[in-house]
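Heads up, the thing below is written out as structure tokens.
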């Protein structure tokens, strides 16, 4: 009977140890679940931020495209303005030459 009492005690000890291990394991599982919940929430936040960044980047790309088009228009206007200025300079030179010729003709008329 001493052996069966010893076996019962050992079995009881093993059961109590197993219950303790299960309790600690349950705590670890609970902690892991909490950590996973935190990770999932963080991933969702990051996904929302990435989505927002993507949206803002698209808006910036649209704005940059519009600015580029406007700059092309301005560049065309500047080029036209340069051509017009050059034409005006050429006309001014022609007028100056004609004025000189006219002055010479008037001076020649006065001398006679």
- [ ] Please name all residue pairs, on different chains or six or more residues apart, with Cβ atoms under 6 Å, provided the first residue is in the range 41-64 and is on the phi < 0 side of the Ramachandran plot and surrounded by 10 or more Cβ atoms within 10 Å (Cβ to Cβ) and the second residue is modelled with pLDDT of 95 or more and outside any helix (DSSP H, G or I).
- [x] none
Task: Matching entry among 84, 11 (being in a helix (DSSP H, G or I) and at pLDDT 95 or above) - done: 84
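The values are calculated or read from the model by the stated rules, or taken from the named source; none is laboratory data. These numbers were taken from a predicted model, which means no experiment stands behind them. We place every Cβ from the backbone using ideal geometry, glycine too, and count neighbours over all the protein chains shown.
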